Each structure stands twice: as structure tokens, then as C-alpha cells.
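Colleague: Structure below; questions to follow.
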Amino acid sequence: MRVMVVWCPDWSVVAALDEAERSRRSPAAVLSANVVEVCNGPARAEGVRRGQRRRDAQARCPDLLLLPANPDRDARSFEPVLAVVEELRPGVSALRPGLLAVRAPGSWYGTESAAAATVCQALVEAGVWDVRIGVADDLFTAEQAARTADVQAWSVVAEGGSPEFLRGLPVQVLQDEGPQGRELVSLLSRLGLRSLGDLADLPADAVQHRLGAHGATVRRRARGEDQTLFAARTPPPELEADVVFEPPLDSVEAITFSVRTTAERFVTQLAHHQLVATGVRVEAESDGVVRSSREWLHPRFFTARDLVDRVHWQLQSATVGGSLRARKQSGVVTAPVERIRFVPEVVEPAAAHGEALWGTASDDLVERGVARVQGMVGFDAVRRPVLQGGRTPAARQSLVPWGERPVDLRPLDRPWPGRVPGPAPVRVFAAPPVAEVVDDAGRDVRVSDRGVVTGEPRRFRVGGPRDGNALPWQPVTAWAGPWPTDEGWWSGGDGPTARFQVVGADGRAWLLVRSPHGWALEAAYD
């Protein structure tokens, strides 16, 4: 495949001048760390060169306009150029702001010269005056051909003619590859190599030994053997869907009823691309301003009915007496809604969410029933437990609203020193009751700062001096531990704690924790 390269020289300066609303004919330079990074033609005519320091550049050209470097600005301003070329030939690759590559569309336009003329004319009509195009067998040769072309012109290297074309180019053309290229040019000049042909004639093993991997790559390029590939960008499909209300609606029920068709269209167009949405942002606009925006996550994927429910829940939190009237809280709807938009935040292949062999009807019924309960008691009132990383049984569980995917969970694959080994308890007490654990002499069992137990646990009971409803003492038939931890000491936590697994005479197992405040019953085993 032949390659076409489109080069717009000094693009950083062009973008900066347009942003500053200055004439492109003014001598200007983009500076980074007080060093000239890019300068335009009028500045070069006054003696300004890339790599000069600020004072040297101003000494050469007192009228030089100094502009700050901004890669985001350069990329943003180059996007319209990519769009123009993309309309003529899909599969554009932005190598850097001011330089793009695309598969040469010669067969479609008749010849490669005709294709280059068509692209050049389209860019000039779009306001890009200095554009140069090169066509060759590989990316490196096509770029060098574009750099040798005149303004609003093109250079086409015949098939198989890359080695001959590159032989006469000076080694200074490698300076555009950044600091590594400038260092290589300096070294080649000291070695007496003046052209790419001189480098191409050297033995491959000698270049590899003296110039390293980068030098060997440059030698292959100089011989017309460049194998560099470029990733052609694919324009993303338009997956958003919105509905406009004329006149705007101020009733949650009316809005919910009106978005059903849009929700079905949103899901259908995702299915057309064999995608499903597991994360969707719902936006509500009033007077052209987004008044309410929230990202919703789904444990499986969104259906049209799920989207309608989310719109209802989101707007219901901003209602006053059933109407969307003004409120002072930030992030809620403050006026009648004129537009609802569904924006897919996370999409996944539909094949990854296919139904099982026997279908998922039972799961759908459960999810629908829970969704109805949420509609009555509130979205955050119905939660499900999710396992996460942690040292204590209570810390390892997190409650997530039903219908949302868990986020910001502690990872399970961490070591978590001090964690009690399995099996996990079946019941974790929200408010651990106090307890007592004593040794043979009836003394309170404690744990030192080094994790040493002062006595072997022989008896325990739930309750104690701090609790008037103490249960009878029970002998300890087996115990394990301690597992010491010291969490949250910097924020006023419990300080050093230690956990014990204890089995009573009745055969039941418990998880007891010893803290500076005493003993407590944290969890129970089955």
C-alpha cells in the first residue's frame, strides 16, 4: 500500500497566531523553556532558528512575537484538517499536529497526483494555505517527499524509487525526529557522513555496533526499507440520543413518558453496532444549560426500561410537589426541562452479555421487582452487599445501591496483613456486643504491643461489667490467634487490636476482638 503524507509546516505557530488573533505573516516563534521550539517563515527570514535561546532570537528579530507552547491547542486546531482529509479518504492517522498520514487514494481519483491535488484543494478551501503533500512506498519517504514539495504542491515518488530519492537528501532531515535525531545528526556529521546515501552504504553490523538500535533503524529508512506502520483512526459512531420537548415540560411523569421512544432508539442503535451500554450519563437541559447530569452504572447492561427508570429517579430527586420548580441546591433541575440526552459512557460487546442456555427470565423478574421497590422507597434505600478487600469482616463488605455497579472498591488481591483467614463468618454484628475472655486464673486476657497473649483463653461470655445483660460463662474448647492490626491510629481509630477465633462448649464458633477498650464479639460462624 502506498502512503500519502500531508504536511502543514510550522503548525504550532499557526495555531498560536490564530488563537491570539494575529496575522500569520507576523514573525513569530513558539517557546518552551525559553528555547525556540518552532518558528515560521518570516522569523526564519530574520535569522531565527529552532533551538535558539529567547535572547538570541530577539536579538536577530526585535519584532519577534513570542508565543507559549501548548500541545493541546495544537492538536485541537489540527482536528479540522484531519476532518477534511477524512471526508476524502477514511483512515487518517495524526502523526503529530501539522503532520498526518493516510493510505494513498490513487485508484479512486485516477492517479496519485490527482488525489494529491484534490486533497490540497480541499485544504486550501478550508483555510490551510501552506500545505504540502508527499506520496511514496513507505511512511518515511512520503514524509521527506512532502518536505521537499513547494507550497500547495505535491511530490510523488515512483514505486520502487524510495532508495534513489533518499540518497541525495542531507542527514539534517533527521533533526525533525526530536532530541535523539539531532544527536544522531551531530554524530554523523562528525563521522563525515553528509547524506542519507552515505549512511545507507555502511555495513549493517557496523552501524548497529556504533550507532545502536536507533542508528540501525535510520539506516533501514535511508535504504527505503522503512517498515513503520501507522494506526489509522476510525471515526467513532454517533451513539448519543436525545429528545427535545416543545414546549419544555415541568412534570416528572410527563418527561418519563416522553423519553420511552428515545430510550428504545438509543438501545437499538447500540445493538446495530453489536454493543450494549453498562454506563450511561443522563443529562437534563433547561434554557440550553445542563441542569442535571448523572452517570448511571448497571450490573449487566441497560435496556430501554432501565433508562426510563433512571430518568425518573434522577428527576424525582429534583422535584417540589411533582413539578420541576427552582431549588437552591446545586446539581438539580431549576427550570422546566427542554431536552433529555443519553450519553454512553461505557459500552461493551453484546456478545459478552449474551443470555445463558436457559435464558435469564428469573433474574429479570427479580431485578424488576427490586426496581419497583426502589421507586417507592428511594434509589439509595435498596442496597446489596459486595465483597472487597480488607482486614476485618466488616471492612470486607460494601453496600452498593441495587442496579449500580460497585466502584472504588478496595482490591481483593492485596496481602492485607492481619486479615483473619477463612472460612468467612456468616454473621457480622453491626454493633459488636461487649464480651469478656479470661484465663485459668480468671484474669482478663490481653495482648501486648508485640502481639503476645498474656494468658491462654479458657472461658468467655457475652456481656460484662459494661453490660447488665451478661450471659453465662462458657468454656473455650479451641481457639486460634491472635491476628493483630493497628489501623487508623493517625485519625483517632481504635488503635492496636487483635482478633481471636474461639469455639465454645456448645460447638458454636465466634470471632472476638480485643481493643484498648476491651473485648467485643465481632462475628459468628455457622
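Colleague: Through the Karplus equation 6.51 cos²θ - 1.76 cosθ + 1.60, θ set to phi - 60°, convert the phi angles of the range 4-19 into ³J(HN,Hα) values in whole Hz; use x for Gly and Pro.
Modeller: These are the phi-based 3J(HN,Hα) values: 10, 10, 10, 10, 10, x, 6, 5, 4, 5, 4, 5, 5, 5, 5, 5 Hz.
Colleague: Ok, one more. Positive end of the dipole of the chain, charges at C-beta (+1 Lys, Arg; -1 Asp, Glu), about the Cα centre: which of 457, 117, 146 has its Cα farthest in that direction?
Modeller: 457
Colleague: I've got another one for you. Determine the gain in length on full extension of the stretch residue 397-residue 126; use 0.36 nm per residue of separation and subtract their C-alpha separation, reporting nm with one decimal.
Modeller: Extra length from residue 397 to residue 126 when fully extended: 91.8 nm.
Colleague: Which three extents, in whole angstrom, do the alpha-carbon atoms of the range 3-156 cover along their principal axes, largest first?
Modeller: Principal-axis extents of the range 3-156 (Cα, largest first): 51, 25, 23 Å.
Colleague: Moving to a separate point now. Taking +1 at the Cβ of each Lys and Arg and -1 at the Cβ of each Asp and Glu, which of 302, 392, 102 sits farthest along the dipole of the chain towards its positive end, judged by Cα position relative to the Cα centre?
Modeller: Checked the options; the winner is 392.
Colleague: Could you work out how far helix 139-148 tilts from the main Cα principal axis of the chain, as a 0 to 90 degree angle to the nearest 10?
Modeller: Between the helix axis and the principal axis of the chain, the angle is about 50 degrees.
Colleague: Also, quick follow-up: In what order do 310, 396 fall by count of nearby beta-carbon atoms within 10 Å, going from fewest to most?
Modeller: 396, 310
Colleague: Can you give the calculated 222 nm mean residue ellipticity of the chain, where each DSSP H run of n ≥ 4 adds -39,500 (n - 2.57) and the sum is split over every residue, rounded to the nearest 500 deg cm²/dmol?
Modeller: Using -39500 (n - 2.57) per qualifying helix, the result is -9000 deg cm²/dmol.
Colleague: Tilt of helix 71-88 relative to the longest C-alpha principal axis of the chain, in degrees (0 to 90, nearest 10)?
Modeller: It is inclined by approximately 70 degrees.
Colleague: Need one word for the range 162-222: rounded, prolate or oblate. Basis is the Cα gyration tensor (sqrt eigenvalues a ≥ b ≥ c); a/c below 1.5 gives rounded, then a/b vs b/c decides.
Modeller: Because its axes are fairly even, with a/c under 1.5, the range 162-222 counts as rounded.
Colleague: Taking 0.36 nm per residue of separation and subtracting the Cα-Cα distance, what length does fully extending residue 26 through residue 164 add?
Modeller: Full extension from residue 26 to residue 164 adds 45.9 nm.
Colleague: With the Cα gyration tensor of the chain giving a ≥ b ≥ c as the square roots of its eigenvalues, does the rule (a/c under 1.5 for rounded; else a/b larger than b/c for prolate; else oblate) give rounded, prolate or oblate?
Modeller: The shape class here is prolate.
Colleague: Helix 204-222 sits at what angle to the longest principal axis of the chain, using alpha carbons and giving 0 to 90 degrees rounded to 10?
Modeller: Rounded to the nearest ten degrees, it is 70.
Taken together, the values in this text are just the output of simple stated rules run on the coordinates, not laboratory data. Only a predicted model underlies this, so the values are computations on that prediction, with no experimental measurement involved. In this analysis, Cβ positions are derived from the backbone assuming ideal geometry, glycine residues included, and neighbour counts consider all displayed protein chains.
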